[in-house]
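Asks: This is the structure, below, for whatever I ask next.
The values are calculated or read from the model by the stated rules, or taken from the named source; none is laboratory data. Every value quoted in this text rests on a predicted model; they were computed, and no experiment measured them. Please note: Cβ atoms are built from the backbone with ideal geometry, for glycine as well, and neighbour counts cover all protein chains shown.
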Amino acid sequence: MKNKGFVKFREDKCKGCELCASVCPKKIIEIREAVVNAMGYHPAGIADMEECTACANCAMMCPDGAVSVYKQDQGRGV
């Protein structure tokens with residue numbers, strides 16, 4: 001059974017450093033160039049949430065605590 005994940009970025013805390021994107025094994029994290037947060041940065045976001053496996057590498061790498069990962073096992077819910 002494949003684990004699914006849900007990642008939430010706190011755009012207000014994200015500085016767009018791309019550390020989270022650099023450790024994503026699925027390469028689904030991208031910097032959202034069309035968005036600018038209150039600090040003047042382009043925050044990160046997920047390109048394809050369906051591909052997320054909830055590995056939490058992104059959350060562990062984030063120096064600002066801007067990433068939260070939630071794991072959902074198929075059939076069990078969050």
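Asks: Being touching a residue at least 60 places away in the same chain (Cβ under 8 Å) and either outside any loop (DSSP other than H, G, I, E, B) or surrounded by 12 or more Cβ atoms within 10 Å (Cβ to Cβ) (or both) is the filter here; which residues of the range 1-46 pass it?
Replies: ASN3, LYS4, GLY5, PHE6, VAL7, LYS8
Asks: Condition check: in contact with a Leu (Cβ under 7 Å, 6 or more places away or on another chain) and in contact (Cβ under 8 Å) with a residue 40 or more places away in the chain. Does MET61 satisfy that?
Replies: Numbers: in contact with a Leu (Cβ under 7 Å, 6 or more places away or on another chain): yes; in contact (Cβ under 8 Å) with a residue 40 or more places away in the chain: yes.
Taking the combined requirement at face value, the residue satisfies it.
Asks: Can you tell me which residue is farthest from LYS71 (Cα to Cα) among those in the range 6-29 that are under 10 Å from the mean Cα position of the chain (by Cα) and not hydrophobic (A, V, I, L, M, F, W, C)?
Replies: Filtering first and then ranking leaves ARG10.
Asks: Still on this structure, please answer the following. Please determine, by comparing only the residues of the range 25-78 that are modelled with pLDDT under 95 and of a type in the set (Lys, Arg), which one is nearest to ASN3 (Cα to Cα).
Replies: Among those that are modelled with pLDDT under 95 and of a type in the set (Lys, Arg), it is LYS71.
Asks: Which ones in the range 30-47 are among the small types (Gly, Ala, Ser) and either closer than 9 Å to GLY16 by Cα or more than 14 Å from the chain's Cα centre (by Cα) (or both)?
Replies: ALA34, ALA38, GLY40, ALA44
Asks: Now for a different question. Cβ contacts < 7 Å: first residue over 15 Å from GLU30 (Cα atoms), restricted to the range 47-58; second residue among the basic types (Lys, Arg) and at pLDDT below 95, any location; separation 6+ or different chain. Result?
Replies: Listed by first residue and then by second, the contacts come to ALA54/LYS4; ALA54/LYS71.
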